[in-house]
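Heads up: the structure comes next, in structure tokens.
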Amino acid sequence: MIMRWLSCLLLPALVLAEPVDWLLTARYVVTVDARHQVIENGAVAVRGDRIAAVGTRSDLEKRFQPRRRLDRPQAILAPGLINTHTHAPMSLFRGIADDLRLQDWLEKFIFPAEAKNVTAEFCRWGTRLAVLEMLLGGTTTYTDMYYFEETIAAETKAAGMRAVLGQTVIGFPVADAKTPDEALVRAEAFLKAFRNDPLITAAVAPHAIYTNSDETLRRSRVLANKYDAPLLIHLSETRRENDESRAKRLASPTQALSALGLFDGRTVAAHGVWLDDTDLAIIRSKNVGIAHCPSSNMKLASGIAPVTKMLSLGINVGLGPDGPAGSNNDFNLFEEMDLAAKLAKVATGDPQSVSARQAFEMATMGGARVLGLEREIGSLEAGKRADLIFVQVGKPHVQPLYHVESQLVYASKASDVSDVFVNGRQVVRGGMSLTLNPAEVLAKANAYRQAILRSLPQ
């Protein structure tokens, strides 16, 4: 009789509890929502590929009945980081040529090395190496410009990662296309193959104004708009690019590309170092997203992008590590956040330029806005895709903890990431990949190293 009475009391609570696939709890939940909520003893409920709710642990434990749960009392639960510019397969060229100017690095080392080594299989294993590093370091979405992009997409999906992937269009023979016409045909096939994919956003990626004809640039924009796809391009990365454009066209690269109509649609422009006020006004009016690459710009001595001014104008700015083969040798977005904040302070002489909060937002919601995915990813809010990371805070370098966002930007490391979810699926657990075989990937990377060394000028 007593048991029946107790069951009657408990039954309504059990019936009212909503079923979810995961209940994730942490010491702090950093939402990056419009109010910038940081929830102590917080939790996130996940149902399928979406976030069902965000709140305190006590509230969500009452509301939901999870099929599985993950409790990390010494961690920060945050949105997955968003990389807005890189070249993933170039992981296999990591460190072959350093301490050079961009044009020397490209023309004397990278372009020749690519001509001798890049194949679909090269891109397959280079992508696996890059994705392994990115996921272990808390990046859940990345943006790529390279060759054989359909292979890169297949490997990214297999690893359970989200990506915006641009098929490169360039004005000279490359590994997967001998002409720009052939590259555009490949790009359209890629756009068709991955249209409406839950993880892959296909894009068109004309390399730069100085490597394509005006006609190719116009056709790239038309193709991207035909499929409502993003267009990715390098923009005003170096003084040389800027000076040559002004000498040849009597206009900056930004002004020239705008006149060609290249910004008349979704556009992600990487670097944006040499932008004047007229350029910034164009970028703002055309809603061009900027992928800020601080470590690459520093390593190549390209300059310091006017990020503080961009943010003050309301321009969407994300972060990218660029390629790991001379312009930057890793895919570490924690490093990019730290450098973005500090470099802005040095450039302006103002320690309040690009706060920790702004830097973390650039790596999350800022990146989502740059990619046009702000309704899907970038923050922890009900209804958004469940792309989340746990960052451990029990180590000496992150103790004691006073301000969560500052700790994430100035103290936390990529190696502090313990668990990663993409689209509601756990892909990293306890610092170990669940979708890739690290030993196999590293062995293959070393095999490629031997082949690449043999191909380089002696």
(message) Can you tell me which residue is farthest from the chain's Cα centre (by Cα) among those in the range 412-429 that are surrounded by fewer than 24 Cβ atoms within 10 Å (Cβ to Cβ) and over 19 Å from Asp330 (Cα atoms)?
(response) Arg429
(request) Select from the range 194-229 the residues that are surrounded by fewer than 24 Cβ atoms within 10 Å (Cβ to Cβ), within 17 Å of Tyr147 (Cβ to Cβ) and small (Gly, Ala, Ser) and list them in ascending order. (result) Ala208
(request) Filter the range 297-332 down to residues that are modelled with pLDDT of 95 or more and polar (S, T, N, Q) and give me whichever is farthest from Leu262 (Cα to Cα). (result) Asn332
(message) Please go through the range 404-458 and give me each residue that is in a loop (DSSP other than H, G, I, E, B) and at pLDDT 95 or above, ordered by number.
(response) Ala411, Ser412, Lys413, Asn423, Gly424, Gly430, Gly431, Leu434, Thr435, Leu436, Asn437
(message) Which numbered condition in (1) in a helix (DSSP H, G or I); (2) touching a His at 6+ places or on another chain (Cβ under 6 Å) is the only one that Val222 fails?
(response) (2)
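For the structure I just gave you, tell me whether Ile82 is among the β-branched types (Val, Ile, Thr) and farther than 23 Å from Ser406 by Cα.
no
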(request) Sort through Val44, Val32 and tell me the only one that's assigned to a strand (DSSP E or B), among the aliphatic types (A, V, I, L, M) and not assigned by TED's automatic domain parsing to the domain that holds Pro198. (result) Val44
(request) Could you look through the range 384-410, keep only residues that are small (Gly, Ala, Ser) and crowded, with 17+ Cβ neighbours inside 10 Å, and pick out the one that is nearest to the chain's Cα centre (by Cα)? (result) Ala386
(message) Against the conditions (1) in a helix (DSSP H, G or I); (2) in contact (Cβ under 8 Å) with a residue 60 or more places away in the chain; (3) not β-branched (Val, Ile, Thr), where does Ala205 fall short? Just the number, please.
(response) (1)
(request) Name every residue in the range 152-202 that is under 17 Å from Thr435 (Cβ atoms) and either aromatic (Phe, Trp, Tyr) or assigned to a strand (DSSP E or B) (or both), in order of residue number. (result) Arg162, Ala163, Ile200
(message) Just to check your reading of the model, which residue among Ile283, Ile315 is under 22 Å from Met365 (Cβ atoms) and in a helix (DSSP H, G or I)?
(response) Ile283
(request) Select, from Glu182, Glu215, Glu241, Glu188, the only residue that is touching a strand residue (DSSP E or B) at 6+ places or on another chain (Cβ under 9 Å) and over 29 Å from Glu376 (Cβ atoms). (result) Glu241
(message) Looking at the range 25-36, can you tell me whether even one residue there is at pLDDT below 95 and either under 30 Å from Arg357 (Cα atoms) or surrounded by fewer than 19 Cβ atoms within 10 Å (Cβ to Cβ) (or both)?
(response) no
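The values are calculated or read from the model by the stated rules, or taken from the named source; none is laboratory data. Just so you know, these numbers come straight off a predicted model, no measurement behind them. Quick reminder, even Gly has a Cβ in these numbers, built from the backbone with ideal geometry, and neighbours come from all protein chains shown.
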